[in-house]
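Bear in mind that the values in this text are calculations on the coordinates, not laboratory data. This one's a predicted model, so the numbers in the text were calculated from it and none came from an experiment. Glycine gets a Cβ as well: all are built from the backbone with ideal geometry, and neighbour counts include every protein chain shown.
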């Protein structure tokens, strides 16, 4: 590129040169210039519109875990930026490489309590590997290169870049720095093998059912990605060929649904299954809108305790045009799980325990 281009265009080109083809985000005034550029080149990069900024970060985590690349989230300033904090802290605890890009007010307004201005650098300093505020277009390419390098090397983790609106609109020469900084993601906290589980008499009802579902799954199909929502595995004794994605060291409520969306985006040819309890499911249930709008084919196994005062989940998922059924007796569990795994499109199987 021989002519100056806007910072927003530099940002997009830098992401493309770092092999980014999917980002998760939610729009706002401080990232509209980037989104305009993204729309003009949408054939090169897929933007998954989430329903909440926390969901964008969890989706980027799920994408990173499965793709073995750095996940990317793009959000706006103020409440959009602060809504990312839980996901960023989760990525830090679980060593998941993500780059979170937030928009910011114009640099001349910094420190003036401008509309939707927040010191996201100060807020996230202790839960990231690196944070940096970009205030000029000429910094963007280098900042992206550093962000991807830091996120993916050593112990992987999250990086946050805060880019002011004027840095996005002003022009500069684009200089590719990919070869100097890009590194592949070699996970240290993640294994491509998960452990075969068997239920025990001491396990609680939810853990027992979770284990039973996984045992059935391993007998049906080994080519699975299983996402767990703030759940802990118990009593391993053998290995099976499947992938596990979970919030192991942070236990974030609601991690599962957006993480499953990200996992499916990273591996569209694999069967992605989410095992989740009712309370966890409802924590980020708004992301069913992403499943509907973007046609995300995930299989959700929803554990519902009959004594809890929960909504009618089948009617709810039907409102999102997602198939749903209820299984009441364990003797039919294997048959129903098999039906769900080989069905077309997203499916919610509510398992009443």
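Computed per residue of the chain from DSSP H runs no shorter than four, each worth -39500 (n - 2.57), the mean residue ellipticity at 222 nm is -10500 deg cm²/dmol. With neighbours defined as other Cβ atoms within 10 Å of a residue's Cβ, the residues 287, 139 order from fewest to most as 139, 287. In the chain, the longest principal axis of the Cα atoms and the axis of helix 140-152 are about 30 degrees apart. Sorting the segments 264-277, 59-72 by their residues' average number of neighbouring beta-carbon atoms within 10 angstrom, most packed first, yields 59-72, 264-277.
FRET efficiency for the residue 3 to residue 39 pair, using the beta carbon distance and R₀ = 22 Å, is estimated at 0.55.
Between the Cα long axis of helix 256-266 and the first principal axis of the chain there is an angle of about 70°, rounded to the nearest 10. Extension gain for the segment residue 307 to residue 220, taken as residue separation times 0.36 nm less the Cα-Cα distance, is 28.2 nm to one decimal. For Cα pairs less than 8 Å apart in space and 6+ apart in sequence, what is the mean separation divided by the residue count of the chain, i.e. the relative contact order in percent? Rounded, it is 17 percent for the chain.
The angle between the Cα long axis of helix 205-220 and the main principal axis of the chain comes to about 90°, on a 0 to 90 degree scale. Across segment 5-181, C-alpha contacts under 8 Å between residues 6 or more apart give a mean separation that, scaled by the residue count, equals a relative contact order of 29 percent. When the Cα convex hull of segment 5-181 is projected onto planes of every orientation, the mean area is 8.8 nm².
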